Amino acid sequence: MTAPLPLIIDCDPGIDDAVMLMMALGSPRFDVRAITTVAGNVPLRLTSRNARMMCQLMDRPDIPVFAGCPRPLLRAPVTAEDFHGESGIYGIDVFEPAAPLQPGHAAPELVRLVKAAPEKSITLVITGPMTNIACALVMAPEIAGHIRELVIMGGADAEGGNITPFAEFNIFADPHAAAIVLETGLPATILSLDASHQVRATSERIARIAALPGPRAAMMASLLMAANNLETRARPGTKVPMHDPSTIAWLLAPEIFETQPSRVTVNVRPGKEFGRTRVKPSKKGPHRWVTKADADAFFAQIEDILKAAP
Ligand code: BDR
Ligand code: CA
């Protein structure tokens, strides 16, 4: 068996961030070195508590959680309680986790942890606004040399936006940070709405998960049902897309996706296209824009994790 892939996860839980964390923490394929949290779906205090809740529920209270930026770089803060509930994690009864937050701010901690990894070895999974990652790259650009790949959930092209007609939430919530990160030219796989809208938690798929033994399957099914209830309230007739979990599915099974080598930029000019991502095909990258996802194979990955560690 190959060594587990070292990861740092930067997130804003968020129901789908919670599903992503269940996948990452439940799979033996990953060595999650730290979780850093950012303001996004809900304010920072809640995203930080929710990340620690997920560590406790997944029996990984040892994973350090560092709170990062409480607001975006330039724009006014935006949140998404309509899609995640007031707690950020509708579908789970909230509690105060036993493990406290780590002392220190996520940005310098990201610098320290990334620098401690050998060259091109560490993968950053990013499923919220990119404020913390942009700050770390501005504070210490030399950390780029230690990063193997960024795996980002964000952006939209063919699908159009989900918070404006053009923009996807994570990019819209801090477009300046996203621009900083993408302009570094670091290799990045980008799972946008173009990919996540192809993978939806249908009732049949949730029922298959709910039928699996063990508390984790029940928790996953409850999260997906809660996400679907909120999605249906906002967009009648639609099932919730698997946004953030697509990052981990990509790392587990890249063969179930198709990608287009590209250069992705972000529109930071005020106006109706604020926060829109532009995808320009480019043989040399540095980005990989995911264009297709096999939804059944994606859900099979989730089931495999839950079967192996119920
Ligand atoms: C992204 O926005 C958030 O609401 C979700 O957690 C996901 O990261 C999807 O646009
Ligand atoms: Ca998220």
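So here's what we get for this one:
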quantity: Whole-Hz ³J(HN,Hα) from phi, Karplus 6.51 cos²θ - 1.76 cosθ + 1.60, for segment 61-75, glycine and proline x; calculated: x, 6, 6, x, 10, 10, 7, x, 7, x, 7, x, 5, 10, 6
quantity: Centroid-to-centroid separation of segment 104-126 and segment 276-310 [C-alpha atoms, Å]; calculated: 23 Å
quantity: Residue-wise HN-Hα coupling along segment 142-152, computed from phi with Karplus coefficients 6.51, -1.76, 1.60 (Hz; x: Gly, Pro); calculated: 5, 5, 3, x, 9, 8, 7, 6, 9, 10, 10
quantity: Under-5 Å amide H pairs with residue 36, H placed in peptide plane, nonlocal only; calculated: 9, 10, 11, 66
quantity: Protection-proxy order for peptides 12-18, 228-234, 239-245, 104-110, each taking the mean of Cβ atoms within 10 Å per residue, highest first; calculated: 12-18, 239-245, 104-110, 228-234
quantity: Rounded to whole Hz, the Karplus (6.51, -1.76, 1.60) HN-Hα couplings of segment 88-95, x for glycine and proline; calculated: x, 9, 3, x, 10, 6, 7, 8
quantity: The chain, relative contact order in percent, only Cα pairs under 8 angstrom and at least six apart counted; calculated: 19 percent
quantity: For segment 160-174 and segment 1-30, distance of Cα centres in Å; calculated: 24 Å
quantity: Over the chain: Kirkwood hydrodynamic radius from C-alpha pairwise inverse distances, Å; calculated: 18.9 Å
quantity: Residues 7, 212, 191 arranged by fewest to most Cβ contacts within 10 Å; calculated: 212, 7, 191
quantity: Computed E for residue 31/residue 59 - FRET, C-beta separation, R0 25 angstrom, nearest 0.05; calculated: 0.95
quantity: Whichever lysines have a C-alpha closer than 26 Å to that of residue 239, once near sequence neighbours (fewer than 8 apart) are set aside; calculated: 292, 307
quantity: The chain, helix-only ellipticity at 222 nm - DSSP H runs n ≥ 4, -39,500 (n - 2.57), divided by all residues, nearest 500; calculated: -11000 deg cm²/dmol
quantity: Neighbour-count order for 59, 194, 294, fewest beta carbons within 10 angstrom listed first; calculated: 59, 294, 194
quantity: FRET efficiency, residue 294 to residue 159 (Cβ-Cβ, R0 25 Å, nearest 0.05); calculated: 0.90
quantity: 189, 259 arranged by Cβ crowding within 10 Å, fewest neighbours leading; calculated: 259, 189
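Each reported figure results from applying straightforward, stated rules to the coordinates on display, with no laboratory input. Computed from a predicted structure; not experimentally measured. So basically every Cβ, Gly included, is an ideal-geometry build from the backbone, and we count neighbours across all protein chains shown.
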